[in-house]
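Chemist: Following this message is one structure expressed as C-alpha cells.
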Amino acid sequence: MSHRLESRQLAPQQIGCGAVSGCGAVDVTWTVNNQDSSWDCTAIMEACSVMPEVELNGSAVTQDGVLTDLENHKTTTAPTQKHQDTWFFPKEFSDDLIGISGLSARMREEVLNTAWEYSRVVIPQYSNWTRFCCYVRLSVIGIVAEYNGEWTDITASSKMLGYDVDELLDTMLMGRPGAEESKNEYRTYLLVTSAKSSGRRDDDLFRRYVNHLARSPKIWFRARDGDALIRFGLAAALSSNDIDNVWFTEDQLQVLGEICVTLYDAVAFFKHRSEGEIHNTFAYLDLKLRADAYRRAREVLWSIDSAWGMSPRRLVALNHVRFFGGPMHMTMRRYRYVENGLELGRPETEDMIKDAREYYKLWYRVDARETFDEQQARFASVIERRDYLLFPGLAELLEEDVKRNCDQCVYSNNYGARGINEFGGVKLCERCSDEWRRHSETLPQRAAEAFPEIDG
C-alpha cells in the first residue's frame, strides 16, 4: 500500500521540497507565509507516522529502509535511517543530481538538503542569489566527495554530477580579488577529499599529502584551512553579499583560519575520530588541550568581532568563522546533536564507526588498507598541473616529502584508522606534539599583529 500527499498552498513563494526519510519521501511542495513564517506540517507528519510506505518521485521507501524503483521494479537498500528527517531545499535545486547512476532518490534529497543547511549556516545572509546558488552547488559536490570520491575526480574533468566546477567557480568569484587563488583552494579540497573517500587513497600523492600535515603547526593549519574551505568560504560569503572590495592579508587569513578550525575541530573531535580522519587539529595537538585551545580561539574571535563592530561588511566574513564553533553542530542534521540527547562531545562508539562505514549522515570511515600503489604517475600529473589543481606552495611541500626528524613519530605508506579511538594520519610523539601546544598558545599575539585594531 502506498499513499500520495497533496500539498496545501499557503503562500505564493515556494521555498522547498522535502523527503521524509524513514517513513518515506513526500511528493509535496511546502510553502511558507511571508508575513508570519508559519508552517503547516502537522498533518503531513501525523500522516507519515502511520504510513507503512510513502510514494516519492516514482519511488517508495518502506519502513525497513528498502528503496524500490516503482517504474523499473528495481530494489536497493537505502542507508541506515534512525530518525524521521524531513528534507528541505529551494525549488532552484529541484532538478539537481537527477539521473546520477547509483544515487538513490533518498540519498539525493539528503545530499541537497545537507548542502543547503551547510550553506545557510556558514553564510547566514546574502544579497546575490546567483552567486550564493553557485556556493550551494559547490557544497553539493563537496558533500558527495566526502563519502564517494569516485564521482568527483577533478583530475579527470571539471564536469561532475551534472555540474561544471569551473563554471560555478567563475560565476561565484567573478571580479573578486584573489579569485584565481580561491578557485585553486576549492580544486585542492576536491583533489584531496575525493582521494580520501576512494581507491585513489592508496597512492603516493595521498601518502605525501598526509605526511606533510605533520611537518609543522603552521603547515598543518594552512592545509586544514584548505581542507575545511575556510578562506574559500570567506570569499564566497563576501561574494554572495556583493562585497567585492574587501579581502585580507595572508597573516589575517592564517589567523581567521586557525580560529575557525580550532573551534570546529574541538567540537568535532569524536566525530572525526569515529571517521578515522586525517584532518583534526587535536590529532596533533594534545586532546587534553581542547578546552584551552577552544577558549583561546573563541576569545580572539570576539576580540576581532568587537573591533569590527562598526564595519558590517567585514562582519559578513567573520560570521562565516563564528558558526563553525558549535552552532553548526547543533543546527545541521549532519551531526549527532539530537541523536546524542542534545550533547556535544560524546565519545565515539563501535556503532558510530559502523554508521560511518555505511554513510549514515553522509559520513565516511577512513579505514586503513594494506594495498599501496607505489607508482608515481598520478602524483607527477598533479604536480605538472599545480597551477590549476593546487593552492600556492603545496606542490613544493609535496615534492620535498619531508618527515619530522624524529624516530618516535609514526608514519605509514597507507593511512587510515586501524581501530577505535584513533585518527588515520601521522601519529606524533609527545615531544613533537608539544610544538603544536606552543604554537596554539601564541594565537592571541599573532592575531594582534595581524589585526592592529584589536583592543588589548
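The values are calculated or read from the model by the stated rules, or taken from the named source; none is laboratory data. The shown structure was predicted, so the numbers you read here are calculated from the model rather than taken from an experiment. Every residue, glycine among them, receives a Cβ derived from its backbone with ideal geometry; neighbour counts consider all protein chains shown.
Chemist: Do we find that residue 213 is among the aliphatic types (A, V, I, L, M), touching a His at 6+ places or on another chain (Cβ under 8 Å) and closer than 20 Å to residue 367 by Cα in this structure?
Modeler: So residue 213 passes the test.
Chemist: Next question. Only one residue in 112, 161 is over 22 Å from residue 239 (Cα atoms) and surrounded by 15 or more Cβ atoms within 10 Å (Cβ to Cβ), so which one is that?
Modeler: The unique qualifying residue is 161.
Chemist: When the residues of region 335-357 are filtered to those that are among the basic types (Lys, Arg) and under 14 Å from residue 275 (Cβ atoms), which remaining residue is modelled with the lowest pLDDT?
Modeler: Only one residue fits best here, namely 336.
Chemist: Cβ-Cβ below 7 Å, separation at least six or inter-chain, first residue in region 106-124 and at pLDDT below 95 and assigned to a helix (DSSP H, G or I), second surrounded by 21 or more Cβ atoms within 10 Å (Cβ to Cβ) and not small (Gly, Ala, Ser): which pairs?
Modeler: From region 106-124, the pairs are 106/61; 106/67.
Chemist: Can I ask one more? What number goes with the only condition from (1) touching a Lys or Arg at 6+ places or on another chain (Cβ under 6 Å); (2) assigned to a helix (DSSP H, G or I) that residue 288 does not pass?
Modeler: (1)
Chemist: Let me ask you something else. Return the residues of region 316-345 that are of a type outside the set (Lys, Arg) and touching an Asp or Glu at 6+ places or on another chain (Cβ under 7 Å); say none if nothing qualifies.
Modeler: Once the filter is applied, which keeps residues that are of a type outside the set (Lys, Arg) and touching an Asp or Glu at 6+ places or on another chain (Cβ under 7 Å), region 316-345 yields 318, 332.
Chemist: Then there is this: Show the residue pairs that are 6+ apart or on different chains and have beta-carbon atoms under 7 Å apart, the first residue being within region 388-408 and in the same structural domain as residue 215 (by TED's automatic domain parsing), the second being hydroxyl-bearing (Ser, Thr, Tyr) and assigned to a helix (DSSP H, G or I).
Modeler: So the pair list comes out as 389/188; 390/188; 391/188; 394/188; 398/209.
Chemist: Then there's this: Being of a type in the set (Lys, Arg) and not in a helix (DSSP H, G or I) narrows it down to one of 365, 438, so name that one.
Modeler: Selected residue: 365, the only one of 365, 438 that is of a type in the set (Lys, Arg) and not in a helix (DSSP H, G or I).
Chemist: Could you list, in sequence order, all residues of region 348-362 that are aliphatic (A, V, I, L, M) and in a loop (DSSP other than H, G, I, E, B)?
Modeler: Listed by number, the list is empty, since nothing qualifies.
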